[in-house]
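The structure under discussion appears below in the form of structure tokens.
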Amino acid sequence: QVQLVESGGGLVQAGGSLRLSCAASGLLFSRYDMGWFRQAPGKEREFVATISWNGGSTYYSDSVQGRFTISRDNAKNTMYLQMSSLKPEDTAVYYCAASFGGRRTVVAGYNYWGQGTQVTVSS
């Protein structure tokens, strides 16, 4: 059974930093492109960042470009999202997802999803 488990969320002040982790099991992790999405109450789930199977290609939404960094460690079956200069508008549940050959910037392109971790940025 495939499991993606996010951790590292919490409450931080604007301007602060958080590092999210996504631990994967039950799949050949290095075969999958990975991504982070987020969803605020009453809003659609939106793309945040993605990284290719070998870490060679990354892409970010305009809203996080320059502030967030996505990375992965295939030996540990883990993906990360380093978030800096956080803003109140970053507040959302953050989801880890795995894609086998899908479009990397849309929800429909992913095969597996974690349960999410809450990130709250206070002003």
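Figures for the structure shown
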{"item": "Signed unit charges on C-beta, dipole axis of the chain, positive-most listed residue 11, 40, 95", "result": "95"}
{"item": "Prolate/oblate/rounded label for the range 7-56 (Cα gyration tensor, a/c 1.5)", "result": "prolate"}
{"item": "Positive-end residue of 121, 50, 25, charge dipole of the chain with Cβ unit charges", "result": "25"}
{"item": "GNM top mover of 42, 55, 101 - the chain, alpha-carbon springs below 10 Å", "result": "42"}
{"item": "Protein accessible area in the chain, 1.4 Å probe - carbon and sulfur %", "result": "46 percent"}
{"item": "Computed lengthening from residue 73 to residue 14, 0.36 nm per intervening residue step minus Cα-Cα distance", "result": "18.4 nm"}
{"item": "Length released on extending from residue 23 to residue 58, taking residue separation times 0.36 nm less the Cα-Cα span", "result": "10.7 nm"}
{"item": "Heavy-atom surface of the range 66-123, accessible at 1.4 Å and reported per residue (Å²)", "result": "48 Å²"}
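The values are calculated or read from the model by the stated rules, or taken from the named source; none is laboratory data. None of these values were measured; they are calculated from a predicted model. Please note: Cβ atoms are built from the backbone with ideal geometry, for glycine as well, and neighbour counts cover all protein chains shown. Note: areas computed on protein heavy atoms with side chains; ligands, DNA, RNA excluded. Shrake-Rupley method; radii C 1.70, N 1.55, O 1.52, S 1.80 Å.
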